[in-house]
Amino acid sequence: MDFGLTDEQRLLRDTVRDFARQEVAPVAEELDREKAFPYDIVAKLGALGLMGIPFPEEYGGGGADTLSYALAVEELARVDSSVCITMAAHTSLGTMPIHLWGTDEQKNDWLPDLCAGRRLAAFGLTEPEAGSDAGATRTRAALDDGEWVIDGAKQFITNAGTDISGCVTITALTGAEEQGASTTARLGSASQGPREISNLIVPNGTPGYEPGEPYRKMGWNASDTRPLSFEDCRVPESNLLGRRGEGFKQFLHILDGGRIGVAAMAVGLAQGALDEAISYAKERRAFGKPIAKFQAIQAKVADISAQLEAARLLVYRAALEKDAGQSFTLTAAQAKLITGRLAVRACEEAVQIHGGYGYIEEYPVCRFYRDAKILTIGEGTDEVQQMVIAGQLGL
Ligand SMILES: Cc1cc2nc3c(=O)[nH]c(=O)nc-3n(C[C@H](O)[C@H](O)[C@H](O)COP(=O)(O)OP(=O)(O)OC[C@H]3O[C@@H](n4cnc5c(N)ncnc54)[C@H](O)[C@@H]3O)c2cc1C
């Protein structure tokens with residue numbers, strides 16, 4: 001099924017597929033084992049134009065549509081989720097807010113280096129006390145003599161602490177403190193919360209801004225995830241991103257788009273697990289024949305393959321809706337919910353088909369299994385997707 005891809009989309013997909021097989025697959029296990037950030041691969045992705053796929057060509061981006069971006073994400077995740085989330089978080093969480101709401105000066109300052117992959121961008125929304133209820137942010141920013149003075153903490157932030165991290169866009173309370181209804185109740189409606197939240201760009205190296213030590217994680221081991229702290233951290237007033245007080249609406253929009261990327265990751269990971277399971281089942285023999293000949297194995301492969309095709313179509317539909325300027329909140333949340341669960345299940349079945357070897361790290365499905373679980377948590381948990389979907393359906 002080619003979904004009517006254009007020549008450009010097919011070319012991009014095939015380019016990323018070749019790159020992932022030739023450059024990423026041979027080192028993925030080692031990067032994961034060593035928990036080593038993939039600097040060389042990021043540089044090569046940048047050189048190929050894959051660190052800025054949806055951004056304007058005048059800033060060095062690819063000028064491509066969301067479906068193209070989803071295809072690229074899918075092909076990377078098929079081989080390695082750590083490399084994939086580094087590219088995807090950089091693109092749809094880190095760079096996108098600057099592209100969407102940056103002033104000409106902010107875009108000129110940041111986009112060329114970010115699109116080229118010379119610098120990485122991060123998005124700091126989650127806090128120790130504000131995860132699913134992201135509007136409950138406690139990080140504050142107050143204006144003082146032409147500068148924002150930031151105090152607070154962020155939790156679980158991707159791409160903020162590498163040697164090439166350039167900046168993080170954070171949400172912060174810039175006005176009234178009063179607590180309204182829980183923001184989770186409004187997640188589907190993209191309405192402004194009762195508290196004044198704004199987005200600010202904080203460059204790495206700003207005094208008072210400290211990325212903490214990387215977490216020890218279940219998966220995504222070669223990607224960079226850290227807590228961030230801000231203490232009397234001063235950035236110019238002009239580092240405000242978009243209009244003051246629109247941070248809540250902005251981050252809901254960013255999460256909507258990011259969900260298409262994470263859903264594409266889940267499709268890619270499930271496809272990678274299926275690829276490995278099929279090829280192993282043809283090789284491995286038991287009871288005098290390849291295990292692929294047993295109906296129980298065939299049923300697992302058939303089920304996953306059918307669900308995967310359905311899930312892939314949903315992700316592409318969300319991407320097409322976004323590109324057509326239509327509302328895509330519902331489809332993106334449905335795609336994220338379905339694909340995350342499918343990735344977990346596909347990886348579990350792939351491990352099962354590998355028997356004991358699936359539990360051994362030399363086999364990619366072992367890493368895939370560990371990498372899958374975050375897909376039901378990050379970018380909004382399954383329960384949050386259910387709330388968004390229910391909200392969109394008028395409940
Ligand atoms: C590896 C990794 C990378 C990440 N990268 C980033 C990043 O780059 N930037 C960023 O900002 N964040 C990032 N995150 C954070 C991620 O988005 C959050 O972990 C996620 O949104 C869940 O928030 P929480 O962990 O605080 O869980 P909580 O919100 O505390 O949720 C705990 C449980 O309660 C459930 N729950 C909460 N509220 C409700 C409700 N109203 N109804 C039903 N159930 C509910 C949740 O679904 C979940 O099961 C990352 C996380 C990880 C682990």
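The values are calculated or read from the model by the stated rules, or taken from the named source; none is laboratory data. Just so it is clear, the model here is predicted, and its values are computed rather than measured. Methodologically, a virtual Cβ is constructed for each residue, glycine included, from the backbone with ideal geometry; neighbour enumeration extends over all protein chains shown. Only protein heavy atoms, including side chains, enter the accessible area calculation; ligands, DNA and RNA are left aside. Shrake-Rupley method; radii C 1.70, N 1.55, O 1.52, S 1.80 Å.
A few comments on the model shown:
- Estimated dipole of the chain in Debye, rounded to 20 [Cβ of Lys and Arg +1, of Asp and Glu -1, Cα centre]: 1440 debye
- Separation of the range 203-232 and the range 59-112, taken as the distance between their Cα centroids, equals 20 angstrom.
- Along the axis of the charge dipole computed for the chain (Cβ charges of +1 for Lys and Arg, -1 for Asp and Glu, origin at the Cα centre), the listed residues T376, L143, A160 are led at the positive end by T376.
- Extension gain, S238 to E57: 0.36 nm times the residue separation minus the Cα-Cα distance gives 62.7 nm.
- Element breakdown for the range 225-265 at a 1.4 angstrom probe: carbon and sulfur atoms account for 44% of the accessible area.
- For the peptides 152-162, 21-31, residues were scored by their other Cβ atoms within 10 Å and the scores averaged per peptide; the highest-first order is 152-162, 21-31.
- Solvent-accessible surface (1.4 angstrom probe) belonging to M265, in square angstrom, nearest 10: 0 Å²
- Its relative contact order, with pairs defined as Cα atoms under 8 Å and 6+ residues apart, puts the range 286-352 at 30 percent.
- Within the range 69-88, backbone nitrogen closer than 13 Å to the virtual label 7 Å beyond the Cα of T6 toward Cβ: 69
- With Cα atoms as the point set, the radius of gyration and Dmax of the chain evaluate to 20.9, 79 Å.
- Farthest positive-ward along the chain dipole, Cα basis, beta-carbon charges - from L48, I170, L67: L67
- Degrees between helix 382-392 axis and first principal axis of the chain (Cα, 0 to 90, nearest 10): 70 degrees
- Helices in the chain, meaning DSSP H runs of at least 4 residues, each add -39500 (n - 2.57). Divided by all residues, the mean residue ellipticity at 222 nm is -15000 deg cm²/dmol.
- Expressed as a whole percent, the accessible surface of the range 7-123 that belongs to carbon and sulfur atoms is 45, based on a 1.4 Å probe.
- Taking the alpha carbon gyration tensor of the range 194-269, multiplying each eigenvalue by 5 and rooting it gives semi-axes of 26, 21, 10 Å, largest first.
- With all protein chains kept in place, the per residue accessible area of the chain amounts to 42 square angstrom at a probe of 1.4 angstrom.
- Extending 7 Å from the Cα toward the beta-carbon at both T103 and D163 defines two label points whose distance is 3.4 nm.
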